[in-house]
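Trainee: There's a structure below that I have some questions on.
The values are calculated or read from the model by the stated rules, or taken from the named source; none is laboratory data. Computed from a predicted structure; not experimentally measured. We place every Cβ from the backbone using ideal geometry, glycine too, and count neighbours over all the protein chains shown.
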Amino acid sequence: MTQDVARIIASDRFKRAQEDLAQGHERFVDEIIELTQIPAPPFKEEVRAAAYAEKFRALGLQEVELDGIGNVLGLRRGRGNGQVIVVAAHLDTVFPEGTDVTVRREGTKLFAPGVGDDTRGLAALLAFIRALDAAGIETEQDILFVGDVGEEGKGDLRGIRYLFEEGAYREKIAGFFTIDGLEVGEITTGAVGSLRYRVTFRGPGGHSLNAFGTVNPAYALGSLMAGMARIEVPEAPRTTFCASVMGGGSSINAIPEEVWLEVDLRSVDAGELGKLDAALHALVEEAVAGENARGGQHPWRDPRRADPHRQPPGRADRARERHRAGGLRGASGLRLHAVDRRQLDRCQHPHEPRRAGDLPRLGRHRRTGAQPRGMDRRGARAFTARALRGAGLDPRHGGDGRGLRPARA
Ligand SMILES: [Zn+2]
């Protein structure tokens, strides 16, 4: 693999592609600015998608279309061995509708919401297509260029999921590359799987004094968290978990009717993630059973004894006594019920970068700033070499460029 990439980098056509990237740098910067200034907030990527599809068409990609979920697809045909290599960047930004997306340029830096993540990636795809054409590079496999929707946050990779699970090319995808993130000198080859839940415990609630002894969802939640703290996970493969955001209850003197907790589980190993997931589910069951058992053992205090300010029994009290006399005490109304484990996320963006090994180490840039000069060309060099290796640029002909027939000869 490393040898193949080295040969590709040494090839004449690859050098020509690099020259084209260098020459086209100002256009690349202009396209970053142009695309950044078309807002693409979460779940509202359509306008940018339409503009991006036009760019694909203008570059001569074939079968340009918006797929069933809104991804922009365009095919660059290779020698046609039936498979495709996907090269993607995401259309959406994390910034909400109404955010000012005007690009500010300071010297060699661009500042705007979403300019680096991932609008520069979109522009890089366009530059990459132009460079392949300019150098007359033909690949064994077709390259499917994709501007995908729903990468960020609650989008939960819905565009890429669709591409792999339902899209027309799903059976043909032999490799997947995406240009994303701010570390252009790193290539990520592994992913951290994650499962995210919001666990909600619900109970009947009640007054803290008068209903004392009623099951309390907060205790179940506390027991769940204490249990989580004792879960043991391996250091390798790296596996982690976190009880992160919690809430619920309505008043200091009320037993909550509802409390909730958001949980993040992660592992680089699917098996370990599964074990961790099972442990969490078991703890939820235990927490509910434990609190229901506690509530059952704990007598519902007689409100007449519990409330020092209690007045003589009124109608409500008599009704309550009849209710209790009917054997309903501790019945389902006083139990925790409807424990809801809403899965928030199945898998998230890979964030375990590995160094690109023999490929050039590149500069860093600021979170919302993309630095147009130089850096991206070097990033593109590393990237194009890997992608071409994936797309089957024949490495035997690497050194002299012979055998690399022009793509549109
Ligand atoms: Zn991104």
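Trainee: Considering only residues that are among the small types (Gly, Ala, Ser) and out of contact with any Asp or Glu (no Cβ under 8 Å at 6 or more places or on another chain), look in the range 170-192 and name the one that is nearest to the ligand (Cβ to nearest atom).
Mentor: Of everything passing the filter in the range 170-192, Gly185 is nearest to the ligand (Cβ to nearest atom).
Trainee: Would you pick out the residues in the range 161-175 that are crowded, with 17+ Cβ neighbours inside 10 Å and touching a residue at least 40 places away in the same chain (Cβ under 8 Å)?
Mentor: Across the range 161-175, the qualifying residues are Tyr162, Leu163, Gly167, Tyr169, Gly175.
Trainee: Does the range 8-16 contain any residue that is closer than 21 Å to Glu152 by Cβ and either among the hydroxyl-bearing types (Ser, Thr, Tyr) or within 23 Å of the chain's Cα centre (by Cα) (or both)? Break it down stepwise before answering.
Mentor: So the first thing to find is which residues in the range 8-16 are closer than 21 Å to Glu152 by Cβ, and the list is none.
Looking through the range 8-16, none of the residues is closer than 21 Å to Glu152 by Cβ and either among the hydroxyl-bearing types (Ser, Thr, Tyr) or within 23 Å of the chain's Cα centre (by Cα) (or both).
Trainee: Could you tell me whether Val84 is among the hydrophobic types (A, V, I, L, M, F, W, C) and in contact (Cβ under 8 Å) with a residue 40 or more places away in the chain? Break it down stepwise before answering.
Mentor: Details: among the hydrophobic types (A, V, I, L, M, F, W, C): yes; in contact (Cβ under 8 Å) with a residue 40 or more places away in the chain: yes.
Criteria met by Val84.
Trainee: Given the conditions (1) within 16 Å of the ligand (Cβ to nearest atom); (2) under 20 Å from Leu21 (Cα atoms); (3) touching a residue at least 60 places away in the same chain (Cβ under 8 Å), which single one is not true for Leu125?
Mentor: (3)
Trainee: Can you tell me which residues in the range 57-89 are assigned to a loop (DSSP other than H, G, I, E, B) and within 16 Å of the ligand (Cβ to nearest atom)?
Mentor: If the condition is that a residue be assigned to a loop (DSSP other than H, G, I, E, B) and within 16 Å of the ligand (Cβ to nearest atom), then Asn71 is the only one that fits.
Trainee: If we scan the range 184-193, do we find a residue that is without any contact (Cβ under 8 Å) to a residue 60 or more places away in the chain, within 26 Å of the chain's Cα centre (by Cα) and buried (at least 16 other Cβ atoms within 10 Å of the Cβ)? Walk me through how you get there before you give the answer.
Mentor: Kept after step one, since they are without any contact (Cβ under 8 Å) to a residue 60 or more places away in the chain, are these residues of the range 184-193: none.
No, the range 184-193 has no match at all.
Trainee: If the requirement is being assigned to a helix (DSSP H, G or I) and within 15 Å of Phe128 (Cα to Cα), which of these qualifies: Glu54, Glu34, Glu19?
Mentor: Numbers: Glu54 fails: within 15 Å of Phe128 (Cα to Cα); Glu34 fails: within 15 Å of Phe128 (Cα to Cα).
None of the other options fit; the residue is Glu19.
Trainee: Out of Arg198, Arg238, I need the residue that is under 29 Å from the mean Cα position of the chain (by Cα), farther than 30 Å from Gly175 by Cβ and in contact (Cβ under 8 Å) with a residue 12 or more places away in the chain. Which one?
Mentor: Arg198
Trainee: Right, here's the next one. State which residue is farthest from the ligand (Cβ to nearest atom) when the search covers only the range 137-148 and only residues that are aliphatic (A, V, I, L, M) and touching a helix residue (DSSP H, G or I) at 6+ places or on another chain (Cβ under 8 Å).
Mentor: Ile137
Trainee: Hey, another quick one. Among the residues of the range 186-203, is there at least one that is part of a strand (DSSP E or B), out of contact with any Ser or Thr (no Cβ under 9 Å at 6 or more places or on another chain), modelled with pLDDT under 90 and more than 30 Å from Ala279 (Cβ to Cβ)?
Mentor: yes
Trainee: Separate question: Just one of Ser251, Ser244 is among the polar types (S, T, N, Q), free of Cβ contacts under 8 Å to residues at least 60 places away in the same chain and farther than 30 Å from Gly153 by Cα; which is it?
Mentor: Details: Ser244 fails: farther than 30 Å from Gly153 by Cα.
Going through Ser251, Ser244 in turn, the sole match is Ser251.
Trainee: Can you find a residue in the range 106-121 that is touching a residue at least 12 places away in the same chain (Cβ under 8 Å), farther than 21 Å from Arg386 by Cβ and small (Gly, Ala, Ser)?
Mentor: Filtering the range 106-121 for residues touching a residue at least 12 places away in the same chain (Cβ under 8 Å) gives 108-121.
Now drop any that are not farther than 21 Å from Arg386 by Cβ, which leaves 108-115, 119.
If we keep only those that are small (Gly, Ala, Ser) as well, we get 112, 114.
There is at least one residue in the range 106-121 that is touching a residue at least 12 places away in the same chain (Cβ under 8 Å), farther than 21 Å from Arg386 by Cβ and small (Gly, Ala, Ser).
Trainee: Right, another one. If I filter the range 149-157 for residues that are within 22 Å of Ala40 (Cα to Cα), within 16 Å of the ligand (Cβ to nearest atom), of a type in the set (A, V, I, L, M) and in contact with a His (Cβ under 8 Å, 6 or more places away or on another chain), do I get at least one hit?
Mentor: The answer is yes; a qualifying residue exists.
Trainee: While we're looking at this one, here's another question. List the pairs whose first member sits in the range 208-223 and is among the small types (Gly, Ala, Ser), whose second member is crowded, with 20+ Cβ neighbours inside 10 Å and in a loop (DSSP other than H, G, I, E, B), and whose Cβ atoms are under 7 Å apart, counting only residues at least 6 apart or on separate chains?
Mentor: Filtered contacts from the range 208-223: Ala218/Pro256; Ala220/Leu336.
Trainee: Looking at (1) out of contact with any helix residue (DSSP H, G or I) (no Cβ under 7 Å at 6 or more places or on another chain); (2) crowded, with 24+ Cβ neighbours inside 10 Å; (3) not aliphatic (A, V, I, L, M), which is the one condition that is false for Gly153?
Mentor: Tallying (1) out of contact with any helix residue (DSSP H, G or I) (no Cβ under 7 Å at 6 or more places or on another chain); (2) crowded, with 24+ Cβ neighbours inside 10 Å; (3) not aliphatic (A, V, I, L, M), Gly153 fails exactly one: (2).
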